[in-house]
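Down below is the structure, laid out as structure tokens.
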Amino acid sequence: MEEETATKKENISEGYVRSLVSGNIKRLRAMQGMSQIGLARAAGLTHNFINDIENCKKGISDKTLAKLSIVLNVEPHQLFLPDSMSNDTMQVFLDDFNDSLQKVVKEMTKHYSAKA
């Protein structure tokens with residue numbers, strides 16, 4: 001199982017991640033019957049920016065990711081999930097994501113605690 005996860009990680013690229021995020025934003029927006037203009041207004045962004053995100057022309061910051069997840073009423077990690085994940089694959093992904101997130105939180109806590 002560990003080898004399978006490592007192999008899958010090697011195939012992950014920036015383009016793949018952008019494609020996941022843009023596809024999920026587009027899918028979740030459509031599921032809620034929301035237009036790009038409606039999403040843009042609700043998130044305080046421009047229609048052109050939403051269009052560029054959905055067409056993989058632009059990446060998004062953590063701040064924009066937070067705004068979009070709030071407007072779309074989803075957890076931020078849901079914007080990174082592939083549509084076709086089986087339950088086993090999903091669990092491996094979630095475990096890995098959780099481990100990575102815990103590391104980031106520890107690093108950020110150290111970083112900002114040192115500044116205080």
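Key figures
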read-out	value
Under-5 Å amide H pairs with K58, H placed in peptide plane, nonlocal only	I53
Relative contact order [Cα under 8 Å, 6+ residues apart], the chain, whole percent	26 percent
Around L101: net Lys/Arg minus Asp/Glu count, Cβ-Cβ under 13 Å	-4
³J(HN,Hα), Karplus 6.51/-1.76/1.60, whole Hz, each residue of the stretch 29-34, x for Gly, Pro	4, 5, 4, 8, x, 9
Within the chain, helix-based [θ] at 222 nm, where runs of 4 or more DSSP H residues each add -39,500 (n - 2.57), nearest 500	-22500 deg cm²/dmol
Residue exposure sequence - F97, F49 - by fewest surrounding Cβ within 10 Å	F97, F49
Per-residue ³J(HN,Hα) for the stretch 91-107, Karplus 6.51 cos²θ - 1.76 cosθ + 1.60, θ = phi - 60°, Hz, x for Gly and Pro	5, 4, 4, 5, 4, 5, 4, 4, 4, 5, 5, 4, 5, 4, 4, 4, 4
Unsatisfied cross-links (Cα-Cα over 19 Å) in the set K67/K103; K26/K67; K26/K58	K67/K103
Share of alpha-carbon pairs per 10 Å distance bin for the chain, given as whole %	12, 39, 30, 18, 1
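Each value in this text was obtained by applying a stated rule to the coordinates, not by laboratory testing. Here the structure is a predicted model, which means the values were calculated and not measured. Quick reminder, even Gly has a Cβ in these numbers, built from the backbone with ideal geometry, and neighbours come from all protein chains shown.
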